[in-house]
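Computed from the coordinates by the stated procedures, all read-outs in this text should not be read as laboratory data. A quick note: this is a predicted structure, and the numbers were derived from the prediction, not measured. FYI the Cβ positions are ideal-geometry reconstructions off the backbone, even for glycines, and counts take in every protein chain you see.
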Amino acid sequence: MAASRDKTIMRSLGEFVGHIVSGIRANPTRHVVKHETEEAERGNLVLRRTTIEEIEVRPPSASDESSRAPSPSASHHPPPPPPPPPTST
């Protein structure tokens, strides 16, 4: 119990506020692609397997952005659609 007395109330309050702030700043979005549950009963035993497939998109870090210098020929716009076929009148 001596170790718990070493922390001051202000330190505990700062840790608490820090956890709240990190929870607010975190990106809570998850993209679940597939959620599958398989179940088999054998007498008093239930076997259950749950598979969750997710997609997580992480923002690029500063080192990734600096190493990806755009090439002069790279275009940020998609190519224009092909012209429609000629119609006979």
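Below are the figures for this structure:
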read-out: Extension gain, Leu47 back to Met10 (0.36 nm per residue minus Cα-Cα distance, nm); value: 8.5 nm
read-out: Modelled FRET efficiency - R0 30 Å, Arg58 with Thr37, Cβ distances, 0.05 increments; value: 0.60
read-out: J(HN,Hα) series, region 40-46, from Karplus relation 6.51 cos²θ - 1.76 cosθ + 1.60, nearest Hz, glycine and proline x; value: 9, 9, 9, x, 8, 10, 10
